[in-house]
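Structure, as structure tokens:
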Amino acid sequence: MWDYTDIVKEHYRNPKNVGEILDANAIGEIGSVVCGDVLKLYLKIDENEIITDAKFQTFGCGSAIASSSVLTEMLIGKSIEDAKKITNKTIIDYLGGLPKEKIHCSVMCKEVLDECLKNYYEKKK
Ligand code: FES
């Protein structure tokens, strides 16, 4: 059995920002090549390029749920430029660690964030 930190367990049991943003102006979706799970991220970004809302939906494991939950918490209130600095290591550090077999779940979060921001810039063109 893997050992999870209390922060991982808390975010798995009570995930924040689950759901969909109907008027999102950035949406990203990623499937993990490692496990086949899927993660979708919605962002609402204002005219000053500040992320005012973030929500996620996933068919992923507990680590994916916890990683996504903290990702959305980190994103809300951040500028796009600061959001770009978030890596999967940032997520793992925030969670107090993840078992090595579950690192890819945090990588999926970083990838969906990249997809989301790509989608934002494509929509702005
Ligand atoms: Fe698939 Fe965690 S996201 S095992």
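Since every read-out is calculated from the coordinates, none of them should be taken as a lab result. Bear in mind that the values here come from a model prediction, so they are computed numbers and not experimental data. Note that each Cβ is placed from the backbone with ideal geometry, even for glycine, and that neighbours are counted across all protein chains shown.
Per-structure values
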| quantity | calculated |
| --- | --- |
| Rg and Dmax of the chain, Cα atoms only, in Å | 13.6, 48 |
| Cleavage-rule hits (chymotrypsin sites (Phe, Trp or Tyr not before Pro)) in the stretch 1-64: DSSP loop, at most 13 neighbouring Cβ within 10 angstrom | 2, 59 |
| Cα-Cα over 26 Å, subset of 89/118; 16/44; 55/78; 9/123 | 9/123 |
| Restricting the stretch 1-92 to GluC sites (Glu not before Pro) in coil, as DSSP defines it, with at most 15 other Cβ within 10 Å | 20, 47, 49 |
| Calculated from backbone phi, Karplus (6.51, -1.76, 1.60) coupling profile of the stretch 16-30 in Hz, x at Gly/Pro | 9, 6, 7, x, 10, 9, 5, 9, 4, 10, 8, 9, x, 9, 9 |
| Dipole magnitude (debye, nearest 20) for the chain, charges at Cβ of Lys, Arg, Asp, Glu | 140 debye |
| C-alpha center-to-center spacing [the stretch 79-112, the stretch 14-72] in angstrom | 12 Å |
| Cα gyration tensor shape for the stretch 76-115, rounded if a/c is under 1.5, else prolate or oblate | oblate |
